[in-house]
There are 2 protein chains.
Amino acid sequence: MNYKKRIKKVQARLRRRKIDALLVSQPENRRYLSGYKGGDHGIGETSGVLIIPASGSIHLLTDFRYQLQAEQDVPWATVHIYRKGLLKLLVDLLPELKITILGFESHYTLHSVAGKMSSTLKKKGIRLVPLTNLVEKLRIIKDEDEIELLRQSVRLNEKVFQKIFPTISGKMTEIELALAIETLMRRKGAESTSFDSIVATGKNSALPHAVPGRTKIKKNKSLTIDMGLVLNGYCSDMTRNFVPGKATEKYIRLHRLVRKAQLAGLEKIRTGVTGKEVDHAARTVIADGGYGTMFGHGLGHGVGLAVHEEPRLSPLSRKKLKAGMIVTVEPGIYLPGWGGVRLENMVVVREDGYENLNTDTTWLDI
Amino acid sequence: MNYKKRIKKVQARLRRRKIDALLVSQPENRRYLSGYKGGDHGIGETSGVLIIPASGSIHLLTDFRYQLQAEQDVPWATVHIYRKGLLKLLVDLLPELKITILGFESHYTLHSVAGKMSSTLKKKGIRLVPLTNLVEKLRIIKDEDEIELLRQSVRLNEKVFQKIFPTISGKMTEIELALAIETLMRRKGAESTSFDSIVATGKNSALPHAVPGRTKIKKNKSLTIDMGLVLNGYCSDMTRNFVPGKATEKYIRLHRLVRKAQLAGLEKIRTGVTGKEVDHAARTVIADGGYGTMFGHGLGHGVGLAVHEEPRLSPLSRKKLKAGMIVTVEPGIYLPGWGGVRLENMVVVREDGYENLNTDTTWLDI
């Protein structure tokens, strides 16, 4: 990855806004700009932050627990270890680096932390400037190297699914199936899952975000598997829906409707179209089929270093798609008491259309 | 769980501060006050918030995806579904509920979100008041029902460890061992892991937060296993360190030193002692043994609905321990290029001492 090029882009933006440096706390932004793989336990327990000065080389601030990782991952950065918290280190380090205007990520900094940081640094003559999505705006367009990594992540995810698919039986519970998937992901080289796998059988599949339980996989009922993994930092996300055994006519009708909606959404995708328009194309198909109120979530979301990122495909999304964006297209119909159908693929937005990253066709065109 | 009693305590605090309602966004606080089990994908993607009015019954606000879960988990709350985001719903709902002063969790609200919420609600005559750790201050003391759930979580975690322990061999990689642990956890009924398991062999065990890799478990070298699970919402967290094969004299010396430090920390624990004092007792043992600089993290942390919560046992922690707090005691020594030793148990603070929640003694007193 060309970290230096990315950093230069951030630096140009900082200079334009007359900001001396950016404090990068968002974990995927950190990895995007440096390759640092330290993992956070939620926003309250960070494995470190970057300081990107408006010019010159970058600094990685972390604690003792991540020192080796930081030095291994980013040998070209200056690594600083804080022993009494990040803020105490900043108080010493920022004046040394002659930073008096410090940008911070308002969208990934807790209100209480920003307040304390602001009042402490003010005493040292340092002003904090809230910035939003500065790095995310770079991340939203993927270069071909990134697209290739995303393709590999999608392919590995599909391989896992295809290996698991023939083993599915009514003897397994949802949890056991989810575990089999996640174990195989990691055996095959995934860093981790990109989210907790969803395995939902029968009625449970009426919950878009069902948590796998102790229910055994039901024969002749809808089964939703929504799964994704992380490979080289990049996420995949795929949903398949099918029936172990014999599908009812109702199931087949719903499945075909969802697939038709997915294809209608995909057809819309190209540079210049808004997320809203793509969502609308798919949503109209489901509404025309009589299930408009049963598709309560957005059509899709961006995927990259994060499994959910910009852009969104939703009724609220006025953002225009651009070549190099990666989105999921995942319409669904959810009928409480019966079950649900959702189908999800990941695609690259191209100038004049889209490129499907998925090649798996299991139960897609039934 | 006595949710009503907990809510009453929050309401008393709100009335005392003349705040009309509290917006609860922190997931464990949400679960503590309502039993709602919806899972968040990080702070940016919430599965809902609670509104606790200063008097009267509570409201759960979530989106379509979590509607069934919300209604199942908290049938005694009023569930509201937002379709165009939380803020739009708040704009309508708060005036209806006659809420004009709204407390929010400053320590679990993004700076950018607080800013937008504040300016939007101001136009409706609603004032936002940042609050910090109001619910956490209740959560820090566990009642006997919670202690029993934590005990069950610890016991299940130990069972998993003890079942895995005799199967460990040099043919497995760190990842395979971690997967075996996590699979067994879920087979035995855990909701999930409480954190990504650490399995670190040989030199890798010099990283306190090592990520399991493709290294095969090394014979005659230090092996760290740090594992925890979630059962009925409550977390466990345990570290064992041992040598598959024959331990060197150096290893035994280090292990005994760490164990001695752990016992010294434990001996200090009782109501009224500060976290700092407990940490110091253990740290002194390691420093006296000549490894003071090799123990770079705090001695322990609180555990409950969250795997890392208050109180901390660290050189910075001036908070006094109280009966009913639950903490880990986990000293460690980390030698880059050689490996590390860490031992961790969970204990309840009692009036005049501590109660060990762990019963496993594998390789503890060697």
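All of the numbers you see were taken from the coordinates with simple rules; none came from a lab. Keep in mind that what you see is a predicted model, and the values were worked out from it rather than measured. In this analysis, Cβ positions are derived from the backbone assuming ideal geometry, glycine residues included, and neighbour counts consider all displayed protein chains.
Remarks
- Chain B - share of DSSP beta bridges that are antiparallel (%, nearest 5): 75
- Entries in A:Lys221/B:Lys216; A:Lys137/A:Lys250; A:Lys88/B:Lys322; A:Lys123/B:Lys88 that, when Cα-Cα distance is taken, lie over 32 Å: A:Lys221/B:Lys216; A:Lys137/A:Lys250; A:Lys123/B:Lys88
- Cβ-placed point charges (K, R +1; D, E -1), dipole of chain A about Cα centre in debye, nearest 20: 660
- Net charge dipole, the protein assembly as shown: roughly 1240 debye, given to the nearest 20, about the Cα centre with Cβ charges of +1 for Lys and Arg and -1 for Asp and Glu.
- Radius of gyration over Kirkwood radius for segment A:115-190, both on Cα atoms: the Rg/Rh ratio is 1.33.
- Annotation: the residues B:Asp73, A:Asp288, A:Asp365, sorted from fewest to most other C-beta atoms within 10 Å of their own C-beta, follow the order A:Asp365, A:Asp288, B:Asp73.
- Of the residues B:Gln26, B:Gly38, B:Pro53, the one whose Cα sits farthest towards the positive end of the charge dipole of segment B:16-66 is B:Pro53 (charges of +1 on Lys and Arg Cβ, -1 on Asp and Glu Cβ, taken about the Cα centre).
- Area projected by the alpha carbon convex hull of segment B:176-265, averaged over all directions, nm²: 6.5
- Placing a label point 7 Å from the Cα of B:Lys322 along the Cα-to-Cβ direction, the distances to the matching points in the other copies come to 5.3 nm, shortest first.
- Share of Cα-Cα pairs in segment B:3-139 lying beyond 19 Å, as whole percent: 45
- In this Cβ point-charge picture (+1 for Lys and Arg, -1 for Asp and Glu), segment A:1-124 has a dipole of about 620 debye about its Cα centre.
- Kirkwood-based Rg to Rh ratio, the protein assembly as shown, C-alpha trace: 0.95
- Pairwise centroid distance, computed over Cα atoms, of segment B:161-197 with segment B:1-40, Å: 35
- Kirkwood hydrodynamic radius of segment B:79-227, Cα pairs, Å: 19.7
- What separates the B:Arg214 label point from its copies, with the point 7 Å along Cα to Cβ, is 3.8 nm, written shortest first.
- Cα-Cα separations in segment B:261-320 greater than 14 Å, expressed as whole percent: 53
- With label points set 7 Å from Cα along Cα→Cβ, the inter-copy distances at A:Ser192 are 1.1 nm, sorted shortest first.
- Evaluated over the Cα positions of segment A:244-366, the convex hull gives a direction-averaged projected area, one quarter of its surface, of 7.7 nm².
- Quarter of the Cα convex hull surface for segment A:1-73, i.e. its orientation-mean projected area (nm²): 4.8
- Between the C-alpha center of segment A:251-317 and that of segment A:42-106 there is a gap of 40 Å.
- Scattering curve values for segment B:147-227, log₁₀ I(q)/I(0), Debye with Cα scatterers, q = 0.10, 0.12, 0.15 Å⁻¹: -0.23, -0.33, -0.51
- For segment A:144-356, the C-alpha radius of gyration divided by 2.2 N^0.38 Å, with N the number of residues, is 0.98.
- Only one residue of B:Trp338, B:Val230, B:Tyr354 has its Cα farthest out toward the positive end of the dipole of segment B:144-356, where Lys and Arg carry +1 and Asp and Glu -1 on Cβ, and that residue is B:Trp338.
- Of all aspartates and glutamates in the structure, the ones whose alpha carbon falls short of 12 Å from that of A:Lys159, not counting any fewer than 8 places away in one chain, are A:Asp360.
- Calculated log₁₀ intensity ratio I(q)/I(0) where the Debye formula runs over C-alpha points of chain B, q = 0.10, 0.11 Å⁻¹: -0.69, -0.81
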